[in-house]
Every structure is written in C-alpha cells, then in structure tokens.
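Okay, so here's the structure we're looking at.
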Amino acid sequence: MEALGSLWIFMLGLICVHTVGVQSVHVDEVHHRVKRALSTSRKSEIRNLSPNDRPSCPQEQPAPPNRIVTSQRLTALRDEMNGEGIHAYIIPSGDAHQSEYTSPYDQRRRFISGLSGSAGYAVVTSAKAALWTDGRYFLQAEAEMDCNWILMKRGVAGVPSSTEWLISVLEGTTNAKVGAYPFLMGSSSWEYYEEELVKENITMRKTNADLIGKIWTTGRPAEPNSPINVLPYKFSGRTWEDKIIDMHKAMKDRGVDAMIVTDLDETAWLLNLRASDILYSPLFLSYIIVDRKMNQTTLYIRDYTSKLTRDPTDPESTQKLYEHLNTGRDGSCGGKTGYCVTVTEYDPVVLTRRVESVVANSRKVWISPFCNYGLFSLVPKEKRLQKNTPISLQKARKNEIERNGMIKSHVRDAVALISFMAKLEKEVKAGKKWTEVSAALDLERFRKRQIYNRGLSFDTISSSGSNGAVIHYAPTNLTDKEITTTEMYLLDSGGQYLDGTTDVTRTFHFGTPTDFEKECYTRVLMGTVDLASVKFLKTSFGPYGRELDILARRPLWNVGLDYRHGTGHGIGMYLGVHEGPARIGMNGRQPSYDSPIEEGQFFSDEPGYYEDGSFGIRLESIMVAKKFDLKYKFPNSEFLGFETITMVPFEPHLIKYGMLTKDQTEWINTYHKTVQDTIGPLLIKNNREAYDWLERRTREITHSVNAATKRCHSFSSSVSMLTMYVSFFVLLTK
C-alpha cells in the first residue's frame, strides 16, 4: 500500500502540474531547400490551375464592389513583354529599396493586379496571370482581384511556388525567358529564381526598363518629393556624426571599405532626417554610400539643391539640411572640417557609376540582405559582404532617449484612443450611426490633437463583423459597414510622433457576444499575456523570436485554432511601424537576416483569431525587451523579458475569467493598475467620460478559477475516493 500511495502521488503530480506539450522532433538545419523534380502529373495539375477555381469567379457570382478590372492593363503589359522577347514577367510589391510600404507612385503590383495589400507578387505570362500572397490578404485578394487572376495562397498545402508554376506553364516553350526589372527585385529573390529556373533551361533576363512604368501612363501619382526635416537631438538621442563613427568602427572590424545603404529607414535613422515620401512612414527616397577608405559619406536625394537650403517645414526642426549635414549649399564638402555629407541627385545612372567606382577601389563592400539586384550585381562575390548592416542592428536597439520617447508617445496615444473609444461605445449603444470609415476618421482627429503627432503610422484597420476576418482590412466607401451592438468590432491603429511610433489593436463587442466569441477572445488574451510575461535566458546564440512564438499560439492550438500571421514585429522610433531584423513568428527556414532578441528592442505582441464571414479578434500591444533581476541568479547568466508600454485596457465584457490561470489573472490585474495609474490622471480633469470608461475596464479581477485547476481538484477527489476504497478492501482481506 505504501508503494501504491507513492504511485498515486506521482501520478497526481504528473497530471496536475502546468506543463507545455513538447514534440520531440529531430530537425536538421537546412540552408538550401532541396526540391524534387516536378512529375508530369504535377505539372499538368499546376498548368490547369485557373481563376475559375476561386469561389467568387464562376460567372453566376456577383463581383464585389471593390474589384479592379485589369484586362486592358494585362494586354498592354503583354505587348511590352513581346517587345522585350520575354515569356513571363515578375512584378514584386516593393520599390527600388524593397520597402514594405511604398509611395502610390511605386505601387506597380497593385496597379497590375488590383490587390491593395502590402504583401504579394505577381507573375504574368502571355496567357495567364497569377498572384501569390500570404494569409493576411486571402480574403482581400479574392475581393479586389478580377477573374483574370489565379490566386495563389502561400503556405496552403498544394499551392505551387512561383518557380514551380513558371516551370509548368512554360514547359515546351523554346528558349523560355523570364524577365524582371533588376532595381525592383531583391537580390535574394533574383538569385532564387535564377537557380531554380536554370535547371529547366529557363533564363532570367534583366529588362532595361520597368515595364509597368511604360504602360502606367494615365492616372499614375506623381513621384514622391517631400521636404526633408532634421530630427532634433532631444528625440534622436545621438548625433549623426557619432553614428558615422560607429559605422566606421563596425566596417573596420569586418574588413569593409565601403557600405551601400539602400533601406530608407536606415538612411533616415543614420542621418537623423525625416520626410513623407512614403505614406504613413516619415521616410524619403534615398541612397547613402559610406566610404570608410576615402572618409566620405554621400547622400543621394531628389531635388537636392532645393532641399539643402529650404526652410524646415516641421516646427520642431530649427536647422536647414545643409547646416545639419555640414555641407555647402551646393552639396559639396569642399573646405569643410570635421564630418561632412556630400549630397547629390537621386539618379540611378549617377548612383550606378559611383557604385562601380567604389567597388573598384574597395577590398570589401557591405550591402543589406534587402539590396536590389541592380546594385547587388555590381558587386563581385569576392568583394561582397551581404549581412544586416550595423545601421539595422543599432537602429533596432533604441538608446535611452529613444526608449523614453517611445514610452511617452504610447501614453499620449492611449489618451487619444481611450477618449475616442469612450465616445464611440456610448454613441453606438445610444443608437447613433457609426461606420468603419467614420470611426477611423474620428480616431485620427483624436490623435492629431496630441503633442508631437505627425499623422498615422498605417491605414487604420477599422473592421466590423465579417470584415474583421480580413486580417489587413482597410475600410473604403465601397466596403464600409456600420458598427453595431450585434457584431464584434476590431480596431488596429497607430500614430507617428516625433518621439515614437505606435501600433495598438483592441477588439470590442458593444452588445451580447456569443460564448464562442468570448472563448476565442479569452484564448487570444491568454496568448498575449503568456508572451508578454515570459522571462528567457539571453545567450550568444539567441533566443530568436521564432522560439517564443508558440507561447502566444498555445491557448489557441490547445483547441485546434490558429492565425495566419506573425505574432510580433519590431517597431521603429518615428520610423516604420514594421522594423527588423528581429521578429516573433513561425518560419520554416531561418532567413539569413533574422536576428536574436536584444535589450532595447521593441516588439508587437499580437495573436489573433479570425472566423471567415463572421468576426475577427486581435489584441496587439507594444513591449520592450529589457533585463530582469529574478528570484535566483544562475551563474554568469542574464535574463531578459518584456515590459508592455501600450496603455490601453482589455475588454472585460469578452473575458471568460474561469479560463484564466492565476498567473494570467495577476498579470492582467497588474497591467490594468499600471494603465489606470498612468492614464487615469491625464483624463480625470478633462474627460470624465473617458476616465469612467477606463475605470470600468481596469477593475481588479477577483473571481478567476482556472478550469485546469478544477480538473485537478476533481481528479484529486477521485483519487482520494479510490484510495479510500483500496484501503477498505485491504482491511477486509486481512
């Protein structure tokens, strides 16, 4: 009986301990994907893919109101392809800087396909057109693209890659050639296509011109050319001269003579400059060449002579551009002492000649993993260092002034969002008509009232009911839905401030949610809390964000649910709302540019769940990675964790408290107290209605009982009863 009792105690502990299921799988790290040759039947299957496979494309289906007709555009593009002697043409989403978000002038893929989302690429042949995009845009692409297009859902089983599709549809074509404009395609993408297609005797060919630019002659927006303003030291926290010194040191450590900077946010950060060439991002079209060997830094911008001497257009900027960069009014550094930036015209021909000269005089040249193929191809392999630039890594690790600015900007942003939500909920419940578009516009007005606000950080995702299931939905007059008390409302929005960039998502229901909606919301919240509260050992080899992603998905995975997007992205300091190189998400093959989580980096924490045709749930907060002193001290160790800086409460109306663990409940209570203590005093005098809204959502949770704990108690009772019966049986047999 003593042994039996020990066995029961062991089993009870094994079952009741809060564990994370671990699947033991041996995975070899593969750097090059090995592909088997496509079978004849598989090629035939791929060739037979058709727009008619899409649910909205059979003739009897009505066309969505926001669908774009592309027939004439495709005909014109195919005429240009014939002139170039190519059989297929690739149209990426990015610009020459591989930007995620581009100026309207550079939205070529949107023009040819109709899809307005930020991610995707199109491939057009003489007879077919296909577009690949990820899960954020499946529903959006179905609605916006006409029935000339095959929709390829990346990540879905059975969907071919673009190279597999090209190999299949071009089979039998003599001397098949696939074209692309090299300045619009990333170097890694070009090399991937070249490597895969050459096996099937298909050639990648550079086109001398951007073919979309040749046919987009009517209604194309103007090229961006906004004023450039200096970001003062009180926001940047470091001078550009100190940053250049750091660049030279990093380059020297790697034996690099020159660095070609192509990423727009890297240019803006390095020189402490901001503009508005890109919608929602304070960036400007530019290149920089940092030549350590010649001790020369050259900036390439549009209309440089005018911009150098123009008065600042931002009231917080006090210097003209030529004064800030210590250059002459003509952009030359003649006669200057100390660090000086040479400024010249943003011209591909001028830049190409300069790069060729720099390469010829350098032993090693540093370029970004996102460098376009046009410039990449100018640097011989033996002279090329293609890794995350030191700008990318330093930019992500915010300095003390930047960190403080990010925290302060999120406080002001929370005041705006809470004030708006208090108004919206009250009026929706009172029967006043609000729509997705009117809500987005009014929230923007609340943000603009805040000090240092410089607009939005992205197009507001204001989505009611079924529109919430479209992950990156943006309301238009064609899709605008009313916000009601009968459907979920998902609001994902953010602002640009001189001292920070914000991005926050909260989901609401102003009526009576279903039990399933509440369970889904609670599971998303549990994932949010589990990721935000994790502490992890910092090592020389990680951790990477992909190693933490499961924490946010686990509550959903436990019941067979998931979401088709990453869990966390980096965020800039008055820069891009999405910032690398580190991120939190699942990915099969580790990208070369992925980076470990470091102290001072800011990330979003945004799990979600989306029920097609019904509702969407996402909870997104921004958090900063920082050091933590914990209860014990492991020898020679450093532990990091996250501190959430978004100050907007969660929706208690949607929480099933019995699902929460004790630790999750304590985290939510602590977070809500911080929100109340931080934002409450800013609202109580000027906006009592908003203060009351906040107070109702930050009350302490006192009635959380975890279901797993209940099961353990139930099991313990059963074990006690069984033990009693066994003991009674033993007594009877003595």
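The table below lists the values:
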quantity: Test: residue in segment 464-471 that is at positive phi and either assigned to a loop (DSSP other than H, G, I, E, B) or not acidic (D, E) (or both); calculated: yes
quantity: Test result for G455, part of a helix (DSSP H, G or I), touching a residue at least 24 places away in the same chain (Cβ under 8 Å) and either crowded, with 20+ Cβ neighbours inside 10 Å or on the phi > 0 side of the Ramachandran plot (or both); calculated: no
quantity: From N388, N404, residue being open to solvent by 10 Å² or more (accessible area, probe 1.4 Å), modelled with pLDDT of 95 or more, part of a helix (DSSP H, G or I) and over 16 Å from I461 (Cα atoms); calculated: N404
quantity: Identity of the residue in segment 426-440, in contact (Cβ under 8 Å) with a residue 40 or more places away in the chain, more than 32 Å from the chain's Cα centre (by Cα) and within 12 Å of T484 (Cβ to Cβ), that ends up least open to solvent (accessible area, probe 1.4 Å); calculated: K429
quantity: Among residues of segment 685-701, those that are over 20 Å from E666 (Cα atoms) and modelled with pLDDT of 95 or more, counted; calculated: 7
quantity: Residue, nearest to Y287 (Cα to Cα), within segment 363-377, restricted to residues that are assigned to a loop (DSSP other than H, G, I, E, B) and open to solvent by 10 Å² or more (accessible area, probe 1.4 Å); calculated: F370
quantity: Segments classed as strands (runs of 3 or more DSSP E), wholly inside segment 569-652, with at least 3 members that are open to solvent by 10 Å² or more (accessible area, probe 1.4 Å), among the hydroxyl-bearing types (S, T, Y) and touching a His at 6+ places or on another chain (Cβ under 6 Å); calculated: none
quantity: Segment 54-73: number of residues that are outside any loop (DSSP other than H, G, I, E, B) and without any contact (Cβ under 8 Å) to a residue 12 or more places away in the chain; calculated: 1
quantity: Options R220, R254, R238; residue that is of a type outside the set (S, T, Y), in contact with a Leu (Cβ under 9 Å, 6 or more places away or on another chain), surrounded by fewer than 18 Cβ atoms within 10 Å (Cβ to Cβ) and closer than 24 Å to Y300 by Cβ; calculated: R254
quantity: So A469, is it within 21 Å of H565 (Cβ to Cβ) and open to solvent by 30 Å² or more (accessible area, probe 1.4 Å); calculated: no
quantity: Enumerated helices (runs of 4 or more DSSP H) restricted to segment 223-289, each holding at least 3 residues that are modelled with pLDDT of 95 or more, under 23 Å from the mean Cα position of the chain (by Cα) and of a type outside the set (V, I, T); calculated: 264-271
quantity: Yes/no for D413 being buried (at least 23 other Cβ atoms within 10 Å of the Cβ), of a type outside the set (S, T, Y) and within 24 Å of the chain's Cα centre (by Cα); calculated: yes
quantity: Selected residue [without any contact (Cβ under 8 Å) to a residue 60 or more places away in the chain and on the phi < 0 side of the Ramachandran plot] from R384, R397, R412; calculated: R384
quantity: Complete set of residues in segment 194-217 that are exposed (fewer than 15 other Cβ atoms within 10 Å of the Cβ) and assigned to a loop (DSSP other than H, G, I, E, B); calculated: K199, N201, N208, A209, T217
quantity: Segment 170-193 - residue that is within 18 Å of G213 (Cα to Cα) and in a helix (DSSP H, G or I) and, of those, most open to solvent (accessible area, probe 1.4 Å); calculated: F183
quantity: Residues (open to solvent by 20 Å² or more (accessible area, probe 1.4 Å), in contact with a helix residue (DSSP H, G or I) (Cβ under 8 Å, 6 or more places away or on another chain) and closer than 16 Å to A474 by Cβ) located in segment 126-143; calculated: L139
quantity: Cβ-Cβ under 6 Å pairs, at least 6 apart or on other chains, segment 663-684 side under 21 Å from V415 (Cβ atoms), far side open to solvent by 10 Å² or more (accessible area, probe 1.4 Å) and not in a helix (DSSP H, G or I); calculated: H672/T698; V675/M647; V675/T698; Q676/T698; T678/M647; I679/M647
quantity: Matching strands (runs of 3 or more DSSP E) fully within segment 489-538 where at least 1 residues are within 23 Å of the chain's Cα centre (by Cα) and closer than 22 Å to H410 by Cα; calculated: 495-497, 504-509
quantity: Count of residues meeting criterion [closer than 29 Å to G431 by Cα and among the β-branched types (V, I, T)] in segment 511-550; calculated: 3
quantity: Conditions (1) more than 30 Å from I367 (Cα to Cα); (2) open to solvent by 50 Å² or more (accessible area, probe 1.4 Å); (3) not hydrophobic (A, V, I, L, M, F, W, C): number failed by G114; calculated: (2)
quantity: Boolean, V230 is open to solvent by 10 Å² or more (accessible area, probe 1.4 Å) and without any contact (Cβ under 8 Å) to a residue 60 or more places away in the chain; calculated: no
quantity: Count of residues meeting criterion [open to solvent by less than 100 Å² (accessible area, probe 1.4 Å), outside any helix (DSSP H, G or I) and polar (S, T, N, Q)] in segment 43-53; calculated: 1
quantity: Residue match in segment 639-653 (condition: at positive phi and modelled with pLDDT of 95 or more); calculated: no
quantity: Within segment 539-562, considering residues that are of a type in the set (S, T, Y) and part of a loop (DSSP other than H, G, I, E, B), the one farthest from S464 (Cα to Cα); calculated: S540
quantity: Within segment 69-124, considering residues that are in contact with a strand residue (DSSP E or B) (Cβ under 7 Å, 6 or more places away or on another chain) and among the hydroxyl-bearing types (S, T, Y), the one modelled with the lowest pLDDT; calculated: Y101
quantity: Residue in segment 416-423 that is open to solvent by 30 Å² or more (accessible area, probe 1.4 Å), outside any loop (DSSP other than H, G, I, E, B) and not polar (S, T, N, Q) present; calculated: yes
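For every residue, the table says whether it meets (1) at pLDDT 95 or above; (2) open to solvent by less than 60 Å² (accessible area, probe 1.4 Å).
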site: T313; (1), (2): yes, no
site: S317; (1), (2): yes, yes
site: K320; (1), (2): yes, yes
site: G328; (1), (2): yes, yes
site: G334; (1), (2): no, no
site: T337; (1), (2): no, no
site: V358; (1), (2): yes, yes
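The values are calculated or read from the model by the stated rules, or taken from the named source; none is laboratory data. These figures come from a predicted structure and were not determined experimentally. All Cβ positions, glycine included, derive from the backbone under ideal geometry; neighbour counts span all protein chains shown. Ligands, DNA and RNA are stripped out before the accessible areas are found, and what is left, the full protein with its side chains, is counted by its heavy atoms. Shrake-Rupley method; radii C 1.70, N 1.55, O 1.52, S 1.80 Å.
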